[in-house]
């Protein structure tokens, strides 16, 4: 069944709601400095509505579609975490193993205090290893080669906290997980993700190397400067691809989101064809460490709207007093902005991909799902 046919089957009331969704997207996109946007609405694992606005490449008539390929930056982290859990489920590692057991370069890292516990794989997954927030640094390191990354690790790491004491967003931790996957699996990280996750799920338009992508479907990244769009360079994807190097589509991400939606509820029926067990997919969606507590834009003096954020394994859990739990992750990078989120209770989800520098797709996804 096509997306249009699925829309029609949902009835006039739902079609009217989708018109509201498109109006929100038009209004939001008009306020951005991004050449193009594509977004999709997912219901119970099916892409029921999708649309593109603008262009994939400035100066070309190339409207984005659900099969257009965008870089998703930190949304990559959920694929990295899932691969670690695959290896855990096979008995090849334990989440409470010292990370240095699998990444020997970490053995020489000096911890921040004499009573600090060793960094574990669980610390890296949950961003509680104690590393400081490093977004600007991470954006500049995507092309780092393997030897340089090893040298960086052996040279010592900075800490903001003792391992295991609190959450702080860390790209470096997920870069280390990529090295860990390579060492444990005996194959390069990108090959492992491709063979163990992408191919079994039919995510044939997803990958890490620009030259794997059909040029006509590829979104170029841009920055708005002095009244015009300028090309952002497509950096190479070296040792740190695991923290933000993936390219994918709305169609492929629908398959990814569907796997998390299908993990609920726990049940007796056979596992099905997903490479990661339902139990592990649920585990990725469970709150592990508190990340933030904040008032949302919907708050008023009379009615505060509070949401709490937790981080687990490559995904955020957002508990909102209005809607309950929402699961998702954003991605921001020079030239791109992306977001995916889903509401387990209703089976609804949103995916949004744009090709402007750090485009705030999170705000759009929140409004569309709300």
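The values are calculated or read from the model by the stated rules, or taken from the named source; none is laboratory data. The structure presented is a predicted model; accordingly, all values stated were derived computationally and were not measured. Neighbour counts run over all protein chains shown; Cβ positions are idealised from the backbone, glycine included.
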Being surrounded by 20 or more Cβ atoms within 10 Å (Cβ to Cβ), modelled with pLDDT of 95 or more and not in a loop (DSSP other than H, G, I, E, B), is that true of even one residue in the stretch 127-138? no
Leading residue by the ranking (surrounded by the fewest Cβ atoms within 10 Å (Cβ to Cβ)) among those in the stretch 214-229 that are within 17 Å of residue 71 (Cα to Cα) and either free of Cβ contacts under 8 Å to residues at least 40 places away in the same chain or touching a strand residue (DSSP E or B) at 6+ places or on another chain (Cβ under 7 Å) (or both): 215
From the residues in the stretch 144-158 that are under 24 Å from the mean Cα position of the chain (by Cα) and crowded, with 16+ Cβ neighbours inside 10 Å, which one is nearest to residue 330 (Cα to Cα)? 144
Selection over the stretch 26-50 where residues are within 18 Å of residue 342 (Cα to Cα) and touching a strand residue (DSSP E or B) at 6+ places or on another chain (Cβ under 6 Å) yields a count of 10
Residue, nearest to residue 90 (Cα to Cα), within the stretch 199-213, restricted to residues that are surrounded by fewer than 16 Cβ atoms within 10 Å (Cβ to Cβ) and in contact (Cβ under 8 Å) with a residue 40 or more places away in the chain: 200
Would the stretch 62-69 turn up any residue that is in contact with a helix residue (DSSP H, G or I) (Cβ under 7 Å, 6 or more places away or on another chain), surrounded by fewer than 19 Cβ atoms within 10 Å (Cβ to Cβ) and either at negative phi or modelled with pLDDT of 95 or more (or both)? yes
Listed by first then second residue, the pairs whose first member lies in the stretch 170-198 and is outside any helix (DSSP H, G or I), whose partner is modelled with pLDDT of 95 or more, with beta carbons under 6 Å and at least 6 positions apart or on separate chains, are 170/127; 170/131; 188/182
